[in-house]
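Throughout, read-outs are computed from the coordinates displayed, never taken from laboratory work. Everything quoted here is computed from the prediction, not taken from an experiment. Positions of Cβ are generated from backbone atoms using ideal geometry, with glycine treated the same way; all protein chains shown enter the neighbour counts.
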Amino acid sequence: MSHTHEELPLADQVAGCGDGCGCGDGEAYETGLDPALAEMLEAAGLDPVEVEDIATLALAEDLAGGEDVTSVATVPADAVATADFTARQAGVVAGLRIAEAVVSLVCEEEFEVERHVEDGDRVEAGQVLLSVRSRTRDLLTAERSALNLLCRLSGIATATRAWADALEGTKAQVRDTRKTTPGLRSLEKFAVRAGGGSNHRMSLSDAALVKDNHVVAAGGVAEAFRAVRAAYPELPVEIEVDRLDQIPPVLEAGADLILLDNFTVAELQQAVELVNGRAKLEASGGLTLATAHEVAQTGVDYLAVGALTHSSPILDIGLDLRSS
């Protein structure tokens, strides 16, 4: 694709349309991103304005109010090149459109994008994922910010896919938690989806999760559940238990989802039999990829894995320049 984008200097960019907006008539999105790119981000469950804000912040951090001194000194202003985003190792890719958004905020001239794979695809080492042709200086300035996000999100997608593969043949799904990088939650949870996982709540306000500290404050498991249900009758409520004897009163109160914290495989099996389909069950605590399938075979609905977003290593992706 070919894309022309008039950009404000980075320090002057703000979220939303303004004098430097490149989104045409601005009817669909209040963002300076290309409308087609914004539509693709929205189709992936991402807010184009939020993606633009994150990309702008990443670039501002890298430039620190100045310019890319190495590229300005070594690269002629009119030089043009193609940048190939290339996987250095096998994995699952996520964040390609986000990387495009970063590049688009830097490029001062028309640039062309060639998409070779899509988010969620398995890729091999040496495979070209995305190619962008534009001013060489702009490509080099955008390189690290784009790669930081792309590598991080692809690492999460790759780890998630390993868990999803381990659960094949069972009804269980791997789910993330709120143990995310501040400011990047929506992107990291998108990466989980790209890897074949599912999302738990996005925030403290869209669902209730009654944990041990809430139980202490409320005076008991069932008491805590009833208090939440009374205050927010329209919201789904999940409640954490750490013993089998806590399950019957929670079921009687009407729990939608029960989180089984640090249960053994044998205890998980007993919990599944006790609940007998009256609520969804989520295993949490001490889960490993090696035991994931065994846990899933007990009949639980979800495996909660905070490590998807807090401990996944990046997927090594590099940027290779070529003049042709």
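Other residues lying with their Cβ under 11 Å from the Cβ of residue 252 contribute a combined charge of +2, Lys and Arg counting +1, Asp and Glu -1. Size descriptors for segment 72-123: radius of gyration and Dmax over Cα atoms are 13.5, 38 Å. Computed 3J(HN,Hα) for segment 189-195, one whole-Hz value per residue from the Karplus formula 6.51 cos²θ - 1.76 cosθ + 1.60 where θ = phi - 60°, is 6, 4, 5, 4, 4, 4, x, glycine and proline marked x.
Using Cα positions and a limit of under 19 Å, work out the aspartates and glutamates in reach of residue 179, with same-chain residues fewer than 8 apart set aside. Hits, sequence-local ones excluded: 188, 206, 212, 238, 240, 261, 282.
The radius of gyration of the Cα set in segment 164-310, together with its Dmax, comes out at 15.0, 41 angstrom. Against the chain, whose longest principal axis is taken from its Cα atoms, helix 136-166 shows a tilt of about 20°. For segment 234-324, trypsin sites (Lys or Arg not before Pro) meeting the loop criterion (DSSP other than H, G, I, E, B) and having at most 15 other Cβ atoms within 10 Å: 243, 278. Taking θ as phi - 60° and the Karplus parameters 6.51, -1.76 and 1.60, the scalar couplings of segment 176-181 work out to 8, 10, 8, 7, 10, 6 Hz in sequence order, x denoting glycine and proline. When you restrict to C-alpha pairs under 8 Å that are six or more residues apart and normalise by the size of segment 262-324, the relative contact order lands at 33 percent. Here the contact order of the chain, divided by its residue count and restricted to Cα pairs under 8 Å and six or more residues apart, works out to 19 percent.
Over the chain, the Kirkwood radius and the radius of gyration, each from Cα atoms, give a ratio Rg/Rh of 1.07.
Overall, the anisotropy analysis places segment 161-229 in the oblate class: the square-rooted eigenvalues a ≥ b ≥ c of its C-alpha gyration tensor yield a/c not less than 1.5, with a/b not exceeding b/c. Taking Cβ atoms as reference points and 10 Å as the exclusive limit, the residues near residue 145 contribute a net charge of -2, counting Lys and Arg as +1 and Asp and Glu as -1. The alpha carbon centroids of segment 213-258 and segment 153-190 are separated by 26 Å. Of the GluC sites (Glu not before Pro) found in segment 119-177, the ones in coil according to DSSP and having at most 11 other Cβ atoms within 10 Å of their Cβ are 124, 168.
Compute the angle between helix 48-63 and the longest alpha-carbon principal axis of the chain, please, reported from 0 to 90 degrees and rounded to the nearest 10. For 48-63 against the chain, the angle is about 60 degrees. Applying both filters, DSSP loop and at most 15 other Cβ atoms within 10 Å, to the trypsin sites (Lys or Arg not before Pro) of segment 113-173 gives 171. Counting only residues at least eight positions apart within a chain, or on another chain, the lysines with an alpha carbon under 16 Å from that of residue 280 are 171.
The label point for residue 320 and the one for residue 290, both projected 7 Å from the Cα toward the Cβ, are 3.7 nm apart. All other residues whose Cβ lies under 15 angstrom from that of residue 170 are scored, Lys and Arg at +1 and Asp and Glu at -1, for a net of -2.
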